[in-house]
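Worksheet for the structure shown next.
The values are calculated or read from the model by the stated rules, or taken from the named source; none is laboratory data. Predicted model, so just to flag it, every value in this text is computed and none were measured. Virtual Cβ from ideal backbone geometry, glycine too; neighbours counted across all protein chains shown.
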Amino acid sequence: MDTEFKTHSLFTARIILGIIFFAAGFSKVFSPSSFAEIIANYQILPGYLINETAFFLPLLEIVMALMLFSGLFLEGAAVLALIMLVSFGGLIIFNIARGLNISCGCFTSVSEEATNLQYIYYIIRDIIFILIASYLAKGIFFTKTDNS
């Protein structure tokens with residue numbers, strides 16, 4: 001029973017993360033110039049990397065979603081998802097600390113100012129996403145082989 005629950009819960013975590021990354025990537029893939037503006041607002045990347053990041057990041061999110069859905073290269077997808085989610089959450093916290101008032105750009109390519117309530121929502125949402133990705137990565141790499 002424990003093994004069956006673990007199998008189903010890991011599958012559910014894969015699907016949830018896949019939906020998250022697919023929605024995030026799909027919402028930005030058709031408007032890289034708008035997404036580039038959001039990336040520029042973060043004031044972290046040098047100017048010559050902004051357009052490339054705006055083009056490739058949504059594609060990476062979609063490919064990662066497809067890997068999570070299909071189970072192909074699952075170990076790499078789980079680790080990359082966790083790294084990306086921790087990075088995205090860290091960038092939001094970093095911008096709050098710097099006093100920048102920008103949209104996270106997570107599921108949109110529309111650049112707008114964020115309210116304090118939105119920042120709280122972003123952080124709580126990212127913590128939940130990180131917990132799901134952590135559970136998936138842990139489950140993939142540290143699966144118990146015995147039935148005790």
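Just a few scattered comments:
- Residue in the stretch 48-58 that is more than 13 Å from LEU136 (Cβ to Cβ) and within 13 Å of the chain's Cα centre (by Cα) present: yes
- From the options ALA40, ALA78, residue that is surrounded by fewer than 18 Cβ atoms within 10 Å (Cβ to Cβ) and assigned to a helix (DSSP H, G or I): ALA40
- For the stretch 17-36, filtering for residues that are out of contact with any helix residue (DSSP H, G or I) (no Cβ under 6 Å at 6 or more places or on another chain) and surrounded by fewer than 18 Cβ atoms within 10 Å (Cβ to Cβ) leaves 7.
- Test: residue in the stretch 3-16 that is modelled with pLDDT of 95 or more and among the aromatic types (Phe, Trp, Tyr): yes
- As a summary of the residue check, GLU112 satisfies the conditions (1) in a helix (DSSP H, G or I); (2) out of contact with any helix residue (DSSP H, G or I) (no Cβ under 8 Å at 6 or more places or on another chain) except for the one numbered (1).
- Candidates LEU49, LEU74, filtered to the one that is out of contact with any Pro (no Cβ under 8 Å at 6 or more places or on another chain) and touching a residue at least 24 places away in the same chain (Cβ under 8 Å): LEU74
- Filter pass, ILE50 being surrounded by 15 or more Cβ atoms within 10 Å (Cβ to Cβ), at pLDDT 95 or above, part of a helix (DSSP H, G or I) and β-branched (Val, Ile, Thr): yes
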